[in-house]
Structures are given as structure tokens and as C-alpha cells.
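The values are calculated or read from the model by the stated rules, or taken from the named source; none is laboratory data. Here the structure is a predicted model, which means the values were calculated and not measured. Counting neighbours? That spans all protein chains shown, and the Cβs are built from the backbone with ideal geometry, glycine included. All accessible areas refer to the heavy atoms of the entire protein, side chains included, with ligands and DNA or RNA removed. Shrake-Rupley method; radii C 1.70, N 1.55, O 1.52, S 1.80 Å.
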Amino acid sequence: MTIIPSNERVARLRSSLQALVGTGEDEELSRKSAIDAVLPQHRQSAVNLAHYLGLRRQDVHQVQLELAAVGLSSLGRCEGHVRDTLRRLEAWLAGDRDTAMSAPSKDALDSDKAESILHQNTRDLFGPRPENRHVYIMVTAPDAAEVTPSWADSLLKAGTDVLRINGAHESPREWTAIASTFKRRAAALGKPGRVIVDLPGPKLRADISGTEPTVLHLPRNKDRRGRTLAPTTLQLVAQFQSGSQVPIPREWLSRLQTGDALQLVDSGGRKRRLIVKKAGADSAEATCDRSLYLAAGLPLGWLRGEKLMGEGRVGPIPEQPSRILLAVGDRFAISGDGRQVDSALPTLMCPEPQLLTQVKVGDRVVLDDGKLVAVVEVAQPDGLACRVQRALKSPTRLRSGKGVAFPDSELGLGKLSEQDEAALGFALAFADGVEVSFVSSASDVALIGERIKRAEKPGFGMILKLETRGATQNLPAILFEALKYHPVGLMIARGDLAVELSFERLAEMQEELLWFGEACHLPVVWATQVLDSVAHSGLPTRAEMTDAAMSMRAECVMLNKGPYIADAARMLADVIHKMEAHQYKKRSLYRKLSLAKRQA
């Protein structure tokens, strides 16, 4: 017997559900051209996405509460099959059990079919499902010199399914070595071993114009109490190249003897004495029992016993890129073409000058992953003048190569850089897919998607990295454009997304992106610093373990590189395997709990 709640509540709920169905159908109609443009295999996903947009534009929290009060679904898990859920609920409330429980028609999309579509799209992108879990593990490759057969074996045996090559580093020669080693060892171990190449996108890195004298810090070896354990070892050379080398007059090298001393006053004004331990024709090894700071041009005295053998100076040391100190209230400039916006201001050079023309007065500028936040005060063709509003510490030292983001500005890809072209060409020849960085609009998706179509490589995948404010503002258009291609997936690039939106909004946004991925049945990659402490030290933190457990709500989890990356992959695979017994996406599976066992 079907139990029906009070007539008044039934009427109210049925009316609300019918209105929600109508809202979804209106949204479907308004997006007819976008739906008609997707691939036939994605049409149901596009229609469901329209209905999900219609649903989520309404405030349905009261409907949820009332449905839950009578023991029916609260709409909290309907992302992949919106219309079917609403119609079944309406049938239950009408007392029409047969309709509520009936199998869907051939063209209808219920929960089983939605789940099947998502799983198939996931396998098409990442390969066959891993053993003992449905969530895949992606690992970022280190430099080619570190990618050996034993390294690849350790990763694959630990549970890695996909290798990510960062196209911002090295070149096609090194990428080929990385991909071939990984794929060869995967084949030998009977693993799919897919390779994805990350396209760099716009190089939003700031370079500080000019250089400054280099000061070398050569520290002493000390314990945690500050006691010297061993003297500082350094090399005496004629020409500085790197590391702990001290350039001295060339003619001294062939005459130095073990036990000779070089005395100087370092750049900190402290007397220091270097003792020659091993002499050679081209270089000599020396030690100092104190730390020292060296700069080019410091006076040197060469002693043998008490006899002065010669006087000279520390030789040339190449200058380093300038660094600037910025405090709250300070002004600085960003230039894209080498011209000075204001000669009185310290200037950062942006290697993508066309992006600066899209930045407006009042837009924020975020530097070095949020350590500095500024606002644009002047925007003109040759660059920007900005003022620091917030700083992690004041002043903050800014070095070249640090990231710069414009979270309030809509910056499109526009065109592929030379590095993007190289990475895309390599990927199409040797890899299984690409990641598209800094996606902000549907045109960014089409820019890469059409190139992949023209290459005529069936099965070649595309992953859209959602890491900008523009991506969140234009998400529906981006998703409808994505459904024109196959296979395709989404990546929640949480690091850059936090900088763009604020860390406070990240938790909310990563949830919403997971829901939208499920609504259009596209696999989602959960990325940025998952088990990062494990990858670098071998030991996890409590927060990281919680994050890793949350990550299994996506279809793939990305790990970064590190000396203990195989340990991190193994730990993640174990966490996913255990958590999947309790939860799928947002749905708790209610497996029997050991904590609930009967006590004697």
C-alpha cells in the first residue's frame, strides 16, 4: 500500500515539482541551438545540463526539506538525471507507483543510464577502469633525467594510471623520452599507461626588468643548536659557473699550495679566512670555518704562512635578476613591450603583452600565489600602474618568474604560443590527450578542439582546466562547447582557482564544479597538492588525508611530482579503494560499519 502525505502538502509539492520540470524544459528550449550543435552521443548530456541549469537557478531548499520529511528524495543527487528524478517524485506523490517504479523509455535518462554514460566517457578518456576502484590516478612527470624504467615501474605498480607531462618545461626531445619510457614499461606490466600533455597556455609570469649584483651565501654546516659540525667547503676557480665557487685571479691557481690561506672581508663586513685543502692546476678546494657572503670585487690577500704572496680581488660573478620589495601602499608597473609606464616605478615585464590590453582600471592583480594583491590605477597601451593593497608580509620580496593573475579580467587564450604549438604537436604524435590551461570562454575550448578534430585522431582526449574567474562565469557556454568533442573532461585546478576567486570561495566552487561535471556526464580531475607532503617527505598531514578522501568524488585525482611520489600514489589508491565502499559521488552507500558492531 502506498502511503500518501496530507492532501495539502501533496498538492503543494506536486505543483513545485511540475514547475521545476517546466523550468528545465524552458531552459532546454532556450538552448536549442547549443544542444543541436553537440555530438550525437552527447545530446542526452546536453539536454540534462540544460535541465540542471534550470533547476539550480531556482531556490528549492524548501522543496528539499518537505520531500525529505515524507521520506522521498531531496533532489540532492539528481545531477545526472534531473527530469527523470522530478517526474518520478511527482508520480510518487500522485500515488502512481507503476510510473514511479517503471523502467525508463529508450530515450529517457535515469540514474543507471546517467551513471553508465559517465563511466563510459571516463574510460574513453583515461583508459580501462583500474582494478579495485573506479577513480583513476594521474601523476605529473619530473624532468626527463629522472624518468627511468625503475621509476616508471614503481609508479605503475603503486597504482598510477595516467602520466601528465608539463609542456611548460623542457622540450619535445625530453617529452619523447618520458612518454616512451612510461608507455614501454606500462606495456611490459600489462597496464594501459596513458599520457596526457599539459599545454602551458599564456605564460602569466612576471619578470623584473634589470639585474643586480649577485651576493653568494656560503653557509657553515651546523646542528640545530648552531654548533659547527664541519667547515664550509668551496672551490677556488678562475671563472665562476655555479654553486659554491669563488673566482680568484687565474695566475694564482697554478701556484697555490695546500695550507695556503686567502683572507678577505666579506660583503657583511666580517673577516674570513679560506684554507686551501687541495691544490690543482685549474681549481683548488678550500674550507672556511664560518659562513660568508661573497660578491665580485672584494679584496683578497694570499698568504703562505705569514708571507703575503699576492693581492687581488674576487672575480666576476654574473648578475642576478633584480628583486623588488613591495609594501602595502607601494606602486609598481607592469609592462608588456619593454617601455616604461613610469620610470620612477619598479617594473615587472609580462611575456604576454596582448593580455594587458584586456585589463581595466580597478581590476585586481595577484602576485606570487596571493602573497601580494594590488589594484590597477592606470591602464594604457604600454602597460599598467598598480598599487599594493594587501601583502602576506610587508614588505614582501618579489623575484622574477613568480606568477601573476588578473582575477577580475577576462583573459582569453586568443592564440597558441610557440611553446603551446610545440606541446600540442608532440601530444598529437605521441600522447593520448592534452590539458588546456586557462580556459575562460567557449572560444578557448574551440581553439584547441578544432585543432584536434583536424588532426583526425579518434580517441585523442581533451581536458579543460578550470582555473580562472572567467571559467566560472562562462561555465555553461564552456560545457556546451565541450560536448562538441569526445573524449573530453574537466580539471578543477584548485591552486590557481583559489588565487582567482579567493581561498574562502574555493571549497564552495570545487563542489559546484563537481556537480556540473556530473550534470553533463564528463569526468572530472581533482588537482593541486593532493598528498603533497607525502610526495615530498613520505609523511602525510591530517588535512591531506581528509582531502584525499574527498577527492574520490571525482573520476581522477592528480598528484604532483616528488621523491616519494610512488608512496603517495600507493597511499591514494588505498584511500580511494576503502572510501569507495562507503560513498559514490555524493551518495552514501551504507556499508556495514565496524564501529556499529554489537557489543558483548
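Any number yet on Rg/Rh for the stretch 247-391, C-alpha, Kirkwood? With Rg and the Kirkwood Rh in hand, the quotient comes to 1.26.
Rounded to the nearest whole Å², what accessible area per residue is found for the stretch 152-298 with the 1.4 Å probe? Working shown, then result.
On the way: 7290 Å² over 147 residues.
It amounts to 50 Å² per residue over the stretch 152-298.
Computed over protein heavy atoms with a 1.4 Å probe, the accessible surface of the stretch 311-439 works out to 45 Å² per residue.
How big is the C-alpha Rg of the stretch 155-246 next to the rule-of-thumb value 2.2 N^0.38 Å, as a ratio? Working shown, then result.
Values: Rg = 22.0 Å, N = 92, 2.2 N^0.38 = 12.3 Å.
In units of the 2.2 N^0.38 Å rule of thumb, it is 1.79.
In the distance distribution for the chain, Cα-Cα pairs more than 49 Å apart total 27 percent. On the chain, 50 percent of the accessible area sits on carbon and sulfur atoms, based on a 1.4 Å probe. Summing Cβ point charges (Lys, Arg +1; Asp, Glu -1) relative to the Cα centre of the chain gives a dipole of roughly 2140 debye. Alpha-carbon geometry of the stretch 413-527: the Rg and the Dmax are 13.7, 43 Å, given in that order.
Between the C-alpha center of the stretch 493-552 and that of the stretch 269-297 there is a gap of 48 Å.
Rolling a 1.4 Å probe over the protein heavy atoms leaves Asp289 with an accessible area of roughly 100 Å².
Pair-distance distribution P(r) for the stretch 380-443, from all Cα-Cα distances in 5 Å bins starting at 0: 3, 10, 15, 19, 16, 14, 11, 7, 5, 1 percent. Applying a DSSP loop filter and a limit of 13 other Cβ atoms within 10 Å to the trypsin sites (Lys or Arg not before Pro) in the stretch 372-429 leaves Lys393, Lys415.
Please give the per residue volume of the convex hull enclosing the alpha carbon atoms of the stretch 406-471, rounded to a whole number of Å³.
Measuring per residue, one finds 80 Å³ for the Cα hull of the stretch 406-471.
Here's the picture: charge each Lys and Arg Cβ at +1 and each Asp and Glu Cβ at -1 in the chain, and of Tyr485, Val436, Pro40 the one pushed furthest to the positive end of that dipole is Val436.
For a quick check of your reading of the filter: which GluC sites (Glu not before Pro) in the stretch 76-132 sit in a DSSP loop and have no more than 14 other Cβ atoms within 10 Å? Provide the component values of the computation, followed by the final result.
Numbers: sites: Glu79, Glu90, Glu115, Glu131; in loops: Glu79, Glu131.
Loop-located and lightly packed - Glu131.
When the helices in the chain are scored as -39500 (n - 2.57) per DSSP H run of 4 or longer and the sum is shared across all residues, what 222 nm value do you end up with, to the nearest 500 deg cm²/dmol? Kindly include the intermediate steps, with their values, before the conclusion.
On the way: 20 runs with 216 residues, N = 600.
Mean residue ellipticity at 222 nm (helix-derived): -11000 deg cm²/dmol.
Using DSSP H assignments, which helices in the chain have an axial alpha-carbon span of 24 Å or above and a mean Kyte-Doolittle hydropathy of -1.0 or higher? Long hydrophobic helices here: 7-30, 503-519.
Dipole orientation for the stretch 498-569: of the candidates Thr546, His521, Leu559, Leu559 has the Cα lying most toward the positive pole (charges on Cβ; Lys, Arg +1; Asp, Glu -1).
Of all beta bridges DSSP finds with both residues in the chain, what is the antiparallel percent, to the nearest 5? Each step should come with its number before you reach the end.
Working: 59 of 96 bridges.
Of the beta bridges lying entirely in the chain, close to 60 percent run antiparallel.
The trypsin sites (Lys or Arg not before Pro) of the stretch 4-69 that DSSP puts in a loop, and whose beta carbon has at most 13 other beta carbons within 10 Å, are Arg57. For the stretch 32-107, the calculated P(r) over all alpha carbon pairs, in 10 Å bins from 0 to the bin holding the longest distance, is 17, 43, 30, 9, 0 percent. Expressed as a fraction of 2.2 N^0.38 Å, the value expected for a compact globular protein of N residues, the C-alpha radius of gyration of the stretch 210-310 is 1.07. Viscosity 0.692 mPa s, temperature 37 °C: what is the translational diffusion coefficient of the stretch 40-192 from Stokes-Einstein with a Kirkwood Rh over Cα pairs, rounded to a whole number of µm²/s? Translational D for this selection: 171 µm²/s. The orientation-averaged shadow of the Cα convex hull for the stretch 282-342, equal to a quarter of the hull surface, comes to 8.9 nm². The equivalent ellipsoid of the stretch 486-563 has semi-axes of 22, 15, 11 Å, largest first, where each one is the square root of 5 times an eigenvalue of the Cα gyration tensor.
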